[in-house]
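Before any comments, here is the structure.
The values are calculated or read from the model by the stated rules, or taken from the named source; none is laboratory data. Everything numeric in this text was worked out from a predicted model, so none of it was measured. Cβ: placed from backbone, ideal geometry, glycine included. Neighbour counts: every protein chain shown. Surface accessibility is based on the protein's heavy atoms, side chains included, excluding ligands, DNA and RNA. Shrake-Rupley method; radii C 1.70, N 1.55, O 1.52, S 1.80 Å.
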Amino acid sequence: MNVNVGRRVMVAILVASGFGIALGGTATFAQPSEEVKTYRMQMFDPPLRMLANRTLAEMFNTAPVGASPNVLALRQRQRPLDFTYEFNKQRRNASDIVERTQTDALLIMKNGEIVYEGYYNQSSEATLFNSYSVAKSFNAIMVGLALREGKIASLTTPIITYIPELKGSGYEGTTVRDLLEMRSGVDWVDNFMTPGNLAYDAHVASWVQENARYTDAAALTKPAHKPGTHFVYNSMDAALVGLVVERAVGMPVSRYLSERLWKPGGMEADGFYVIDGPAGVGREFTAGGFNARLRDYGRIGQLMLNEGSLNGKQLIPADYVRTLRQSITVDTGEGLGYGYFWWTQPGTQAFSAIGGEGQFIYVDPEHKTVVVKLSHGPVGPDAVPVMAETMEFLTAAARWNPK
């Protein structure tokens, strides 16, 4: 049997059955308890979301992203939220956003200076918040770092150069750029909440049961479109970028992010990634498992505002950042555009890293503003009006001129 075919069969059985073996060997590993697996399945339910978003290290294996001994100090000039925003033809006070969109922490920076910092629902400046799909935007940053170092030769490099086991899958012929733009062309429904699709099976096998890596399911995909031609939001595309980075740079992404960004950028606290899959086999879940403090997310926003420069160092090529934040896909169906794992706001220069349940790193170069909003908001259709109201708030916050 062809090795790749055999591996796909194994992964299919693994994902579908929920029974695990250590991939690539016969070593056994400790399974999570039934209670832990139940918690992982229910962590997106409304009563648990707030707690789950700040306690992932208690329920998952993790990989630390070491911080800098030389912290980048942030100037502060705290001001009250004395502006308003309009939503559904109603004028609201800025502070209303906290309760209306289940906000847990909020940071507003103007010209690199903190003008507002607030923590809610028993969170604090020491809380590590899960970023969900904001982690995808960090993948785009790491690609820029790897390009600068020559570890990734070009964005047009086929991903099977780094992940040869995907030959024969829907991802054969896909380039690094195709992944960054979410134009891989594979047949994928990005819904891990509802049974009956590959995304759900991959989520359960990797996050819940620790039977397989999330990226193992990529070998089961089939093509739907020519790569580079159709935008389809796809968490597997992002997870594979993390695997490309890992193999291109020759180290785990947690270490790479620490050495190339977290430490030289002056981050104040260790972050961490959730590990997916079996012990000794699982790796960082780069499509949605990164956790950090509010202020460090703010430092990342300032890095992007400064076109890749932070703490006096040009960490990411400026031209790459300018490309990353362009509307490569203008109509995503979400009212926003899309660049390289960063969302763009039509009619403005603003761009954002956005994660489920209301996680935002909002960057507005025109108004020299960074806003970080961390939340435990709704998912699915209920999230649509919350997202719309949040965007109105972020736009107003960027235009706010605190006295």
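A few comments on the model shown:
- Selected residue (criterion: nearest to residue 235 (Cα to Cα)) from residues of the stretch 334-356 that are of a type in the set (A, V, I, L, M) and either touching a helix residue (DSSP H, G or I) at 6+ places or on another chain (Cβ under 6 Å) or surrounded by fewer than 23 Cβ atoms within 10 Å (Cβ to Cβ) (or both): 353
- Subset of the stretch 139-162 that is under 14 Å from residue 249 (Cβ atoms) and among the hydrophobic types (A, V, I, L, M, F, W, C) - its residue that is surrounded by the fewest Cβ atoms within 10 Å (Cβ to Cβ): 153
- Candidates are the residues of the stretch 290-310 that are open to solvent by 20 Å² or more (accessible area, probe 1.4 Å) and charged (D, E, K, R); the one that is farthest from residue 272 (Cα to Cα) is 307.
- Restricting attention to the stretch 117-150, the residues that are out of contact with any strand residue (DSSP E or B) (no Cβ under 6 Å at 6 or more places or on another chain) and either among the aliphatic types (A, V, I, L, M) or modelled with pLDDT under 95 (or both) add up to 8.
- Residue within the stretch 357-365 that is aromatic (Phe, Trp, Tyr), outside any loop (DSSP other than H, G, I, E, B), within 22 Å of residue 238 (Cα to Cα) and in contact (Cβ under 8 Å) with a residue 24 or more places away in the chain present: yes
- Within the stretch 210-231, tally of residues that are within 23 Å of residue 342 (Cβ to Cβ) and touching a Ser or Thr at 6+ places or on another chain (Cβ under 8 Å): 5
- Of all the residues in the stretch 259-281, those that are open to solvent by less than 10 Å² (accessible area, probe 1.4 Å), farther than 26 Å from residue 110 by Cβ and not acidic (Asp, Glu) number 4.
- Residue count, the stretch 79-101 (criterion: surrounded by 12 or more Cβ atoms within 10 Å (Cβ to Cβ) and of a type in the set (S, T, N, Q)): 3
- For the residues 349, 345, the requirement of being modelled with pLDDT of 95 or more, within 22 Å of residue 385 (Cα to Cα) and over 15 Å from the mean Cα position of the chain (by Cα) singles out 345.
- Considered as a group, the residues in the stretch 164-204 that are over 23 Å from residue 247 (Cβ atoms) and of a type in the set (Asp, Glu) include one that is surrounded by the most Cβ atoms within 10 Å (Cβ to Cβ), and that residue is 201.
- Contacts under 8 angstrom Cβ, first residue in the stretch 165-187 being over 16 Å from residue 324 (Cβ atoms), partner part of a loop (DSSP other than H, G, I, E, B) and acidic (Asp, Glu), 6 or more apart: 166/172; 170/187
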